[in-house]
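A.B. asks: I am attaching a structure below and will ask some questions about it afterwards.
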Amino acid sequence: MSEKEVVPQVYSPSPTVTEKPGSLGHLLKAPESFLDKSTIAAVSKSGVDESRRRLLRTSFTTALAGMLGAGISSRALASEGDPDILTLPPWSKSLGKAVATNPYGQPSKYEANIVRRQSPGLTQTDQSSVSFSPLQGMFGMITASGLHFERHHQGWVDVDPRRHRLMINGLVSKPSVFTMEELMRLPSVSRIHFIECGANTGMEWGNTAVPTVQYTHGMLSCSEFTGVPLSLLLEHAGYDKARAKYVLAEGADGSSMTRTIEIGRALDDVIVAYGMNGEMLRPENGYPLRLVVPGVQGVSSVKWLRRLEVGDQPYATKDESVHYVDLMPDGQHRQYTSIQEAKSVITSPSGGQRLMTKGYYNVSGLAWSGRGTVARVDVSFDGGRNWYTAKLEGPVLPKALTRFNIGWVWDGKPAILQSRVIDSTGYVQPMKRQLKEVRGTRSVYHNNAIQSWQVAESGEVENVQIS
Amino acid sequence: MFRFPDGVARQFSVLLVAAALAGCGQESDGKSEAVTVITPPVASPWQSSFEDIGRAAKPAEIAAWDIDVGPDFAGLPPGSGTAEQGEEIWLARCAACHGDFGDSNKFFSPLVLGNVTQQDIETGHVAALKDPTRVRTTLMKVATVSTLWDYINRAMPWNAPKSLSTDEVYSLVAYLLSLGYIVDYDFELSNENIAEVQARMPNRNGMTREHGLWKVDGEPDVHNTACMTDCETHVEVASSIPAFARNAHGNLQGQMRTFGPYPGVDTSIEPGAETAPVLVAEVPSETEAAPAPEAGLATSAPMELLTSNGCLGCHQIDNKLVGPAFTAVSEKYAGRDDAVVYLSRKIRQGGSGIWGGFMPPMPQLTEAKAEEIANWLAQ
């Protein structure tokens, strides 16, 4: 059982907040509605005595402070202005901290909610498990390294780079060994690619199962990876061009994860990577060396990479025979499913969030394709009846996340938001029912269906599936 | 978007760079000077220049690491073992997680749970895979016996991978297969007869590569169209998370940014009760002292020992995992006079029956190291 205690972090008013009528912003409902029913009943019955007056004042100001992006009230309108402007905050009137107070920088303490999380009950152990990236709180196309999703098969390890070796053997004329120093002397490339677990959105094949985009789509990240092209290393080792059909990649961790990569893929754009977003890989992401197989489900991007073997047939390893095989309705399993087909999702607003008021919102999301680039993203606000083309934020790169944005004016009525990507091959992201018609509901992997978020009149956004 | 052909773009950018550099020069007097276009080397730099980087792998090194065994059994080391021998090893090293008969779902999905028939062994298709009500086990899915051998050899046991001998791996594979009636209990599996066993694997014909997801130019299953107006005529919500499960992933309010246009919904309260008083102030203020480190086991844990010996694979400090939490062990024994002696013996020799499971022996720990862990637990 992997359930962790969840400590919610909520908006913290400054210490002087009880003196303040609230900051300028959205319209709030009448303060009465912030009181619980028993207090309202007591006040109706007995009137407002001093203790209740104090309670009321506290409830009122607490509620104002607690409402996010809060709150113009009649008192605020009557005051001279926003107390957060009129009363200078402590950070404007004090000496800041020294350089290198944090030799390795950390996010603001106010960002403590935007972290990787496990889905309770998804896995029975914490070592063979997943933590999901908080897509709902992220911007642009790059995933902060500390927020990159994790998938380990037997726990993560912190490998000593001085003791790490990469071996290339099999159908090669020069079986070779490289140290990290040697690998880092070789010509390198830096490219931005997404990594998506084949099981991303796998919990949603049947019914709606998880509440937020973190859990529906969070086995997804995008980084700039730096390393040696695999093609260069294969050439260097003299791979047998006549007989080589597959490459086996193997990790140095306890699981020594292995995956088969077809030679065409291996010679294309695969990177033997040590750098990630300008620094070395994080241990959870394979420090000091991992494979990055662009466009292919993440399990092939073997972490803590220690060995590459060139062969003439697929290897049928555990993670391509027992797991990462897609069960079809006829009882056959599809083996060696690899490509992550075009997919998109709206990340804000998304499940578990709430619109505070009617009016304009920037609707934003991510799109990607394992077969090429994102050509277009359309967004629907009425469950797929009508679609509008969103704006793509550059750069739009092959096999990388692409950010899209579109403006929307919410009229306060129920709405269903969806996004639909079209990639450079002309492939249009499918509706869930279209996928289910071919694959049924038990194939676990490669669910790239259109995602629906329902906005209720209350503004609450909920994960739904539509018929 | 219009694009220059690659060569044109490159020359163009070289001109721009050259012009920019000229602009920085001291002689720059506003007059345009003839710019020499420098063509960058076209050939890749890795033709001959780094052949000496890296070195030849030695035969013993390849033998040490090249442990994979594929469907053609290339690389399978000679050896043998019976299901009966496998059972003994299983009970000692595997059953704590997988159950005595490979049927436990406590820590991993079941390996064996019926659903494999003699008819499946004949046809090579596990019929129960068509039935959505059946639990899918490893023996139902796996098509190749090499997969079982390879994986057990490289990654098992969970907390001590690569510690099994070759014969032990043969024995364990035989035991696992016997649980599915693929081989008999007295069957001796070896490198000589493993191909015959392959011919009895119940789902050996259950895998297909006939799909479009293997290659980048594969044919997709589904061809949606990019309809723009009046597309879906009937939109109805068919599935959503039931109200009782609203808070099952914890309070979503605490999983969203605390400011901005899309705050989190407080899922600890009923929908529609959104206007109840809002929680406040969980963020420590600037002046608040850092929380004092927790006293107790966690702060004094011999992490190096616990990590390098795989203890943390089954035990956590505060939570029950495969085995009991260290805090629970400590609570139970810390008061006993012989706690250190008792616990160090248990750590080295293993045990069962006390916490409802089984702990494998840890003979790799010296007495002194086991005592160090025991001392920590008995504090």
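The values are calculated or read from the model by the stated rules, or taken from the named source; none is laboratory data. Remember, predicted model here, so these are calculated numbers, not experimental data. Cβ atoms come from the backbone with ideal geometry, glycine included; neighbour counts cover every protein chain shown.
A.B. asks: Only one of these is part of a strand (DSSP E or B) and at the interface with chain B (Cβ under 8 Å from one of its Cβ atoms): A:TYR336, A:TYR361. Name it.
C.D. replies: Numbers: A:TYR336 fails: part of a strand (DSSP E or B).
Among A:TYR336, A:TYR361, only A:TYR361 is part of a strand (DSSP E or B) and at the interface with chain B (Cβ under 8 Å from one of its Cβ atoms).
A.B. asks: Oh, and also: Can you list residue pairs whose Cβ atoms sit under 7 Å apart, with the first residue in the range B:225-252 being part of a helix (DSSP H, G or I) and the second being buried (at least 17 other Cβ atoms within 10 Å of the Cβ)? Count only pairs 6 or more apart in sequence or on different chains.
C.D. replies: B:LEU252/A:PRO211; B:LEU252/A:THR212; B:LEU252/A:GLY352; B:LEU252/B:GLY264; B:LEU252/B:VAL265; B:LEU252/B:THR267
A.B. asks: For A:TYR324, are the conditions met, namely being assigned to a loop (DSSP other than H, G, I, E, B), over 30 Å from A:GLY426 (Cβ atoms) and aromatic (Phe, Trp, Tyr)?
C.D. replies: On the way: assigned to a loop (DSSP other than H, G, I, E, B): yes; over 30 Å from A:GLY426 (Cβ atoms): no; aromatic (Phe, Trp, Tyr): yes.
No, not satisfied.
A.B. asks: Would you check which residues across the range A:442-467 are part of a strand (DSSP E or B) and either under 20 Å from A:ILE422 (Cβ atoms) or of a type outside the set (Asp, Glu) (or both) and list them?
C.D. replies: Keep residues of the range A:442-467 that are part of a strand (DSSP E or B), which gives A:452-455, A:460-466.
Passing the criteria: A:SER452, A:TRP453, A:GLN454, A:VAL455, A:VAL461, A:ASN463, A:VAL464, A:GLN465, A:ILE466.
A.B. asks: Shifting gears a bit: Please enumerate the residues belonging to the range A:260-296 that are of a type in the set (Phe, Trp, Tyr) and assigned to a strand (DSSP E or B). So that I can check it myself, show each step before the final result.
C.D. replies: We begin by selecting, within the range A:260-296, every residue of a type in the set (Phe, Trp, Tyr); these are A:274, A:287.
The one that is of a type in the set (Phe, Trp, Tyr) and assigned to a strand (DSSP E or B): A:TYR274.
A.B. asks: Could you give me the residue pairs with C-beta distances under 6 Å whose first residue belongs to the range A:369-383 and is more than 8 Å from chain B (Cβ to nearest Cβ), whose second residue is outside any strand (DSSP E or B) and among the polar types (S, T, N, Q) wherever it lies, and which are 6+ apart or on separate chains?
C.D. replies: A:GLY372/A:SER424; A:GLY372/A:THR425; A:THR373/A:SER424; A:ALA375/A:SER424
A.B. asks: Out of (1) among the aliphatic types (A, V, I, L, M); (2) at pLDDT 95 or above; (3) buried (at least 16 other Cβ atoms within 10 Å of the Cβ), what's the single condition that is false for B:ALA56?
C.D. replies: Exception for B:ALA56: condition (3).
A.B. asks: Does any residue in the range A:101-121 that is within 20 Å of A:MET138 (Cα to Cα) come within less than 8 Å, Cβ to Cβ, of a residue that is basic (Lys, Arg) six or more places away or on a different chain, and which pairs are these?
C.D. replies: A:GLU111/B:ARG257; A:ASN113/B:ARG257; A:ILE114/B:ARG257; A:ARG117/A:LYS4; A:GLN118/A:LYS4
A.B. asks: Additional query: Is it the case, given these coordinates, that B:HIS211 is at the interface with another protein chain (Cβ under 8 Å from one of its Cβ atoms), in contact with a strand residue (DSSP E or B) (Cβ under 6 Å, 6 or more places away or on another chain) and either in a helix (DSSP H, G or I) or surrounded by 15 or more Cβ atoms within 10 Å (Cβ to Cβ) (or both)?
C.D. replies: In short, yes.
A.B. asks: State all residues of the range B:312-341 that are at pLDDT 80 or above and within 23 Å of the chain's Cα centre (by Cα); if no residue qualifies, say none.
C.D. replies: Pass one, the range B:312-341, residues at pLDDT 80 or above: B:317, B:324-341.
Passing the criteria: B:ILE317, B:PRO324, B:ALA325.
A.B. asks: Next up: Is one or more of the residues making up the range A:409-422 in a strand (DSSP E or B), among the small types (Gly, Ala, Ser) and without any contact (Cβ under 8 Å) to a residue 60 or more places away in the chain? Explain how you work it out, then say what you get.
C.D. replies: Of the range A:409-422, the ones in a strand (DSSP E or B) are A:409-410, A:415-422.
Add one more test, that the residue is among the small types (Gly, Ala, Ser), and what stays is A:415, A:419.
From the residues that got through so far, the ones that are without any contact (Cβ under 8 Å) to a residue 60 or more places away in the chain too are A:415.
Within the range A:409-422, one or more residues are in a strand (DSSP E or B), among the small types (Gly, Ala, Ser) and without any contact (Cβ under 8 Å) to a residue 60 or more places away in the chain.
A.B. asks: Among the listed residues A:GLN465, A:GLN434, A:GLN451, A:GLN429, which satisfies the condition of being free of Cβ contacts under 8 Å to residues at least 24 places away in the same chain and either polar (S, T, N, Q) or not assigned by TED's automatic domain parsing to the domain that holds A:ILE195 (or both)? First the steps, then the outcome.
C.D. replies: On the way: A:GLN465 fails: free of Cβ contacts under 8 Å to residues at least 24 places away in the same chain; A:GLN451 fails: free of Cβ contacts under 8 Å to residues at least 24 places away in the same chain; A:GLN429 fails: free of Cβ contacts under 8 Å to residues at least 24 places away in the same chain.
After ruling out the rest, the residue left standing is A:GLN434.
A.B. asks: Then there's this: Does B:THR144 satisfy the criteria of being over 15 Å from B:CYS94 (Cβ atoms), in contact with a helix residue (DSSP H, G or I) (Cβ under 9 Å, 6 or more places away or on another chain) and more than 7 Å from every other protein chain (Cβ to nearest Cβ)? Steps first, please.
C.D. replies: Details: over 15 Å from B:CYS94 (Cβ atoms): yes; in contact with a helix residue (DSSP H, G or I) (Cβ under 9 Å, 6 or more places away or on another chain): yes; more than 7 Å from every other protein chain (Cβ to nearest Cβ): no.
So B:THR144 does not fit the description; no.
A.B. asks: Which of (1) within 20 Å of B:GLU188 (Cα to Cα); (2) exposed (fewer than 15 other Cβ atoms within 10 Å of the Cβ) does B:ASN105 not meet, given it meets every other one?
C.D. replies: (1)
A.B. asks: Among the numbered conditions (1) surrounded by fewer than 21 Cβ atoms within 10 Å (Cβ to Cβ); (2) facing chain B (nearest Cβ under 7 Å); (3) in a loop (DSSP other than H, G, I, E, B), tell me where A:VAL177 comes up short.
C.D. replies: (3)
A.B. asks: One residue is enough: does the range A:233-240 have a residue meeting the conditions away from every other protein chain (no Cβ under 14 Å) and assigned to a loop (DSSP other than H, G, I, E, B)?
C.D. replies: yes
A.B. asks: I'd like the residue in the range A:201-215 that is within 11 Å of chain B (Cβ to nearest Cβ) and surrounded by 24 or more Cβ atoms within 10 Å (Cβ to Cβ) and, out of all such residues, is nearest to A:SER119 (Cα to Cα).
C.D. replies: So the residue we want is A:TYR215.
A.B. asks: For residues that are within 7 Å of another protein chain (Cβ to nearest Cβ), within 34 Å of the chain's Cα centre (by Cα) and either surrounded by fewer than 16 Cβ atoms within 10 Å (Cβ to Cβ) or of a type outside the set (Ser, Thr, Tyr) (or both), tally how many sit in the range B:225-260.
C.D. replies: Adding up the residues that qualify gives 12.
A.B. asks: Let me ask something additional. Test of understanding: among A:ASP269, A:ASP240, which residue is among the charged types (D, E, K, R) and within 27 Å of A:PHE149 (Cβ to Cβ)?
C.D. replies: A:ASP269
A.B. asks: Could you tell me whether B:VAL216 is closer than 29 Å to A:ASN362 by Cβ, facing another protein chain (nearest Cβ under 7 Å) and either part of a loop (DSSP other than H, G, I, E, B) or touching a residue at least 24 places away in the same chain (Cβ under 8 Å) (or both)?
C.D. replies: Details: closer than 29 Å to A:ASN362 by Cβ: no; facing another protein chain (nearest Cβ under 7 Å): yes; either part of a loop (DSSP other than H, G, I, E, B) or touching a residue at least 24 places away in the same chain (Cβ under 8 Å) (or both): yes.
Spelling it out, it is not the case that B:VAL216 is closer than 29 Å to A:ASN362 by Cβ, facing another protein chain (nearest Cβ under 7 Å) and either part of a loop (DSSP other than H, G, I, E, B) or touching a residue at least 24 places away in the same chain (Cβ under 8 Å) (or both).
A.B. asks: While we're on this one: Would you confirm, using the coordinates I've provided, whether A:GLY254 is in contact with a Leu (Cβ under 7 Å, 6 or more places away or on another chain), in contact (Cβ under 8 Å) with a residue 24 or more places away in the chain and within 12 Å of another protein chain (Cβ to nearest Cβ)? Walk me through how you get there before you give the answer.
C.D. replies: Working: in contact with a Leu (Cβ under 7 Å, 6 or more places away or on another chain): no; in contact (Cβ under 8 Å) with a residue 24 or more places away in the chain: yes; within 12 Å of another protein chain (Cβ to nearest Cβ): yes.
No; evaluated as a whole, the condition is false for this residue.
A.B. asks: Given the structure, is A:ARG420 at the interface with chain B (Cβ under 8 Å from one of its Cβ atoms), basic (Lys, Arg), closer than 20 Å to B:VAL235 by Cα and within 21 Å of the chain's Cα centre (by Cα)? Steps first, answer last, please.
C.D. replies: Numbers: at the interface with chain B (Cβ under 8 Å from one of its Cβ atoms): yes; basic (Lys, Arg): yes; closer than 20 Å to B:VAL235 by Cα: yes; within 21 Å of the chain's Cα centre (by Cα): yes.
Criteria met by A:ARG420.
A.B. asks: For the range A:301-319, give me each residue that is more than 7 Å from chain B (Cβ to nearest Cβ) and buried (at least 24 other Cβ atoms within 10 Å of the Cβ).
C.D. replies: A:SER301, A:VAL302, A:LYS303, A:TRP304, A:LEU305, A:LEU308
A.B. asks: Out of the range B:64-86, which residues are outside any loop (DSSP other than H, G, I, E, B) and surrounded by fewer than 21 Cβ atoms within 10 Å (Cβ to Cβ)? It would help to see each step written out before you state the result.
C.D. replies: Looking only at the range B:64-86, we keep the residues that are outside any loop (DSSP other than H, G, I, E, B), and these are B:64-65, B:80-86.
Matches in the range B:64-86: B:ALA64, B:TRP65, B:SER80, B:GLU84, B:GLN85.
A.B. asks: In the range A:244-259, which residues are surrounded by fewer than 24 Cβ atoms within 10 Å (Cβ to Cβ) and in a strand (DSSP E or B)?
C.D. replies: A:TYR246, A:LEU248, listed by residue number.
A.B. asks: Could you tell me which residue of the range A:216-232 is surrounded by the fewest Cβ atoms within 10 Å (Cβ to Cβ), considering only residues that are part of a helix (DSSP H, G or I) and among the polar types (S, T, N, Q)? Outline the logic, then answer.
C.D. replies: Step one: filter the range A:216-232 for residues part of a helix (DSSP H, G or I), giving A:216-217, A:230-232.
If we keep only those that are among the polar types (S, T, N, Q) too, we end up with A:216, A:231.
Details: A:THR216: 27, A:SER231: 16.
For the range A:216-232, the residue satisfying everything is A:SER231.
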